[in-house]
């Protein structure tokens, strides 16, 4: 499959800059900005080209027939947002249940431009004691940029400033 991903990647003209941490078994990837349905496809291709495994969260309705099998095969975990559940604790349990586990998500929580990010990724990282790997979708330059892992300090305000810096300055 990786060979196929690389062919498609070359055809569409995108590049991967940087890499995921190969020496860390558990981390959370946040990808921003997330403003297009194409982000999922670009992300899956980037994951295949870079050669790492990452799971994702998706609306539970995506996992119903006829295509549910496909999203599970791609690494998806269904989330029912209509129920009042503690998503952070559910995801932390995934980390606790696996020796190696990586999940990717969009901190905006939607494909629309937003002023404020959802903060679940941050609390997942704190509770699971894992770093945050920031990834930027640079559409104008057709680049997916991986940044070094960021270990949150539990100082939410300062951490969010540091986390968001790479999205503003690159």
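The values are calculated or read from the model by the stated rules, or taken from the named source; none is laboratory data. Keep in mind that what you see is a predicted model, and the values were worked out from it rather than measured. Cβ atoms come from the backbone with ideal geometry, glycine included; neighbour counts cover every protein chain shown.
Of the residues in the range 56-63, not one is part of a loop (DSSP other than H, G, I, E, B), more than 22 Å from residue 122 (Cβ to Cβ) and free of Cβ contacts under 8 Å to residues at least 12 places away in the same chain. I'd like the residue in the range 50-68 that is within 19 Å of residue 24 (Cα to Cα) and over 13 Å from the mean Cα position of the chain (by Cα) and, out of all such residues, is surrounded by the most Cβ atoms within 10 Å (Cβ to Cβ). Among those residues, the one meeting the criterion is 50. Going through (1) more than 26 Å from residue 141 (Cα to Cα); (2) out of contact with any strand residue (DSSP E or B) (no Cβ under 8 Å at 6 or more places or on another chain); (3) part of a helix (DSSP H, G or I) one by one, residue 11 falls short only on (1).
In the range 64-79, the residue that is nearest to residue 127 (Cα to Cα) out of those that are in a helix (DSSP H, G or I) and out of contact with any helix residue (DSSP H, G or I) (no Cβ under 8 Å at 6 or more places or on another chain) is 73.
Selection over the range 76-96 of residues that are under 18 Å from residue 27 (Cβ atoms) and free of Cβ contacts under 8 Å to residues at least 12 places away in the same chain gives a count of 2.
Output the residues belonging to the range 23-55 that are in a loop (DSSP other than H, G, I, E, B), in contact (Cβ under 8 Å) with a residue 12 or more places away in the chain and more than 21 Å from residue 140 (Cβ to Cβ). Hits for the range 23-55 are 24, 25, 51, 52, 53, 54. Among the conditions (1) surrounded by fewer than 17 Cβ atoms within 10 Å (Cβ to Cβ); (2) out of contact with any helix residue (DSSP H, G or I) (no Cβ under 7 Å at 6 or more places or on another chain); (3) modelled with pLDDT of 95 or more; (4) part of a helix (DSSP H, G or I), the only one that residue 121 does not satisfy is (1).
Condition first: surrounded by fewer than 16 Cβ atoms within 10 Å (Cβ to Cβ) and not in a helix (DSSP H, G or I). Now tell me which residues in the range 90-104 satisfy that. Spell out how you get there, then give the answer.
As a first pass, look at the range 90-104 and keep what is surrounded by fewer than 16 Cβ atoms within 10 Å (Cβ to Cβ): 90, 93, 96-100.
Selection gives 98, 99, 100.
Return yes when residue 71 is in contact with a strand residue (DSSP E or B) (Cβ under 7 Å, 6 or more places away or on another chain), crowded, with 16+ Cβ neighbours inside 10 Å and touching a residue at least 60 places away in the same chain (Cβ under 8 Å) and no when it is not. Spelling it out, it is not the case that residue 71 is in contact with a strand residue (DSSP E or B) (Cβ under 7 Å, 6 or more places away or on another chain), crowded, with 16+ Cβ neighbours inside 10 Å and touching a residue at least 60 places away in the same chain (Cβ under 8 Å). Among the residues making up the range 127-159, a single one is free of Cβ contacts under 8 Å to residues at least 40 places away in the same chain, surrounded by 18 or more Cβ atoms within 10 Å (Cβ to Cβ) and in a helix (DSSP H, G or I): 159.
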